[in-house]
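The values are calculated or read from the model by the stated rules, or taken from the named source; none is laboratory data. All values derive from a computational prediction rather than experimental measurement. All Cβ positions, glycine included, derive from the backbone under ideal geometry; neighbour counts span all protein chains shown.
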């Protein structure tokens with residue numbers, strides 16, 4: 001058992017221990033709910049008796065939110081004997097839900113002052129048990145139900161996850177012993193040669209989280225009327241954000257549910273086990289229903305470095321794209337399978353990328369295939385985590401079979417995307433990368449820069465020490481350079497037999513750089529900037545003296561960078 005396995009086992013044990021208080025609290029509140037309902041129904045058989053109110057009071061506990069508790073002391077006669085009682089309602093304790101406590105207090109005080117008898121209820125089988133109000137309070141029952149579901153759901157949900165995690169870990173331990181040198185067989189689904197879509201677990205989590213959020217937000221709807229209408233606290237209306245967010249989460253969860261029911265369960269059957277670093281990843285996607293999108297399927301392979309960052313007692317997961325490649329599978333390549341549509345999956349994995357795995361569960365590399373298709377109504381979407389490892393077949397010189405690329409976009413099509421254009425001008429092949437060709441990234445950085453500059457202005461106005469505006473201002477200057485590059489940065493490349501010229505900068509007016517064909521060893525695509533879930537690539541020149549120079553930036557994909565390199569080499573080496 002390796003270090004990662006030990007860490008996961010400890011994590012599961014901690015999860016179980018952490019779940020116990022939540023499960024206990026949920027169980028206790030559920031007991032209060034059920035006992036209140038049982039008492040209410042049992043009291044419907046109690047006999048009505050005249051009650052004399054001896055005293056009553058309203059206790060107020062002041063704080064961020066005032067709570068109230070009405071108490072009373074009363075006397076009654078049953079079967080020829082005198083009794084006294086103190087129970088007012090089905091639910092004991094203080095609360096601030098509605099005006100029940102104050103309303104009851106006013107009514108009891110009026111009966112006490114007038115001397116009139118109040119209608120109470122007594123248990124004929126135990127006359128010492130009595131009550132003044134046997135009606136159920138729906139707001140209290142609702143609050144009990146919410147807390148029971150929230151705490152009990154979290155607690156018992158974590159216990160279920162912990163138990164399931166222990167079972168999975170035992171299976172992993174067995175597979176590690178059985179296949180010590182084949183880590184791609186350490187997962188049960190991978191060992192069977194197929195991967196189930198991760199969208200179903202995401203659906204379950206999304207539904208559970210939406211219900212959890214709405215249950216937590218529900219008490220706000222009971223408290224707001226009293227805060228806004230009775231106390232005039234209009235700031236309390238900000239609390240409506242939580243139910244509104246809950247509605248949004250519920251809508252998203254329902255969309256995922258509709259997608260699940262519409263398309264069924266998808267699975268990716270792997271022909272290459274595993275996917276090979278410096279080799280192929282091939283398989284067949286089996287959709288759970290028959291769909292035939294006009295634009296075909298859009299498939300994406302991503303290599304992701306995921307790490308868990310812990311700061312100040314908080315836990316956050318960060319992801320960095322290490323590789324991203326997309327392809328379109330046209331409708332002509334789709335087939336009808338036993339359960340629905342089948343889609344061929346064919347990717348080439350670069351030799352220099354890291355394989356699946358990592359030091360521990362907090363820092364690891366994973367690979368996933370995402371499949372999307374536009375259809376009427378809710379679009380199709382599925383994601384699969386796939387095994388990618390180095391094997392004896394890994395090679396830096398791997399070339400995919402010709403049949404894989406026969407029906408894909410040709411080089412010219414790739415070179416006409418994302419603000420890139422290629423044309424002939426006199427004796428040269430001219431490649432232009434236009435300004436503002438990545439609008440989404442440019443807008444995002446511009447908005448962030450605006451917020452950043454606003455924070456600097458606020459610091460100055462509030463009289464913050466000058467060190468802070470200066471430091472923040474230096475970072476703002478760096479962002480200004482980035483914004484200018486995204487909006488105005490352009491590149492013009494001229495390729496002639498034996499020579500290569502490049503001019504970059506704002507609107508391609510920067511310094512001219514030139515290289516002779518014999519100076520260039522090769523062209524190398526490398527990962528560049530990441531904007532959201534999109535990874536851009538750069539094309540570099542590797543020179544004979546070992547230096548590397550950037551030729552093109554913000555290319556849409558590795559395939560585009562490779563197509564650009566092939567086109568340049570055709571002219572340069574001719």
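Quick notes
- Output for segment 47-78, where each listed residue is at pLDDT below 90 and either in contact with a helix residue (DSSP H, G or I) (Cβ under 6 Å, 6 or more places away or on another chain) or in a strand (DSSP E or B) (or both): 60, 61, 67, 68
- Taken as a whole, segment 489-501 holds at least one residue that is out of contact with any strand residue (DSSP E or B) (no Cβ under 8 Å at 6 or more places or on another chain), closer than 24 Å to residue 425 by Cα and assigned to a loop (DSSP other than H, G, I, E, B).
- Answer from 482, 450 - the residue that is exposed (fewer than 14 other Cβ atoms within 10 Å of the Cβ), out of contact with any strand residue (DSSP E or B) (no Cβ under 8 Å at 6 or more places or on another chain) and either more than 23 Å from residue 539 (Cα to Cα) or modelled with pLDDT of 90 or more (or both): 450
- Of the residues making up segment 2-10, none is closer than 21 Å to residue 128 by Cα, surrounded by 14 or more Cβ atoms within 10 Å (Cβ to Cβ) and either modelled with pLDDT of 75 or more or under 34 Å from the mean Cα position of the chain (by Cα) (or both).
- Any hit, segment 429-436, residues being under 12 Å from residue 554 (Cα atoms), out of contact with any helix residue (DSSP H, G or I) (no Cβ under 8 Å at 6 or more places or on another chain) and either buried (at least 16 other Cβ atoms within 10 Å of the Cβ) or assigned by TED's automatic domain parsing to the domain that holds residue 494 (or both): yes
- Residues located in segment 49-87, provided they are within 27 Å of residue 117 (Cβ to Cβ) and either free of Cβ contacts under 8 Å to residues at least 24 places away in the same chain or not assigned by TED's automatic domain parsing to the domain that holds residue 100 (or both): 71, 73, 80, 82, 86
- Looking across segment 329-341, the residues that are assigned to a strand (DSSP E or B) and either in the same structural domain as residue 531 (by TED's automatic domain parsing) or surrounded by fewer than 15 Cβ atoms within 10 Å (Cβ to Cβ) (or both) come down to 335, 336.
- Residue, nearest to residue 45 (Cα to Cα), within segment 94-128, restricted to residues that are free of Cβ contacts under 8 Å to residues at least 40 places away in the same chain and in contact with a strand residue (DSSP E or B) (Cβ under 7 Å, 6 or more places away or on another chain): 104
- Restricting segment 536-574 to residues that are part of a loop (DSSP other than H, G, I, E, B) and surrounded by fewer than 21 Cβ atoms within 10 Å (Cβ to Cβ) leaves a set whose member that is nearest to the chain's Cα centre (by Cα) is 556.
- Per the conditions (1) surrounded by 16 or more Cβ atoms within 10 Å (Cβ to Cβ); (2) part of a loop (DSSP other than H, G, I, E, B), the sole criterion not satisfied by residue 510 is (1).
- Every condition in (1) assigned to a helix (DSSP H, G or I); (2) at pLDDT 90 or above; (3) under 30 Å from residue 343 (Cα atoms) is met by residue 394 except one, and the failing one is (1).
- Qualifying position, being farther than 30 Å from residue 399 by Cα, at pLDDT 85 or above and out of contact with any strand residue (DSSP E or B) (no Cβ under 7 Å at 6 or more places or on another chain), among 262, 231: 262
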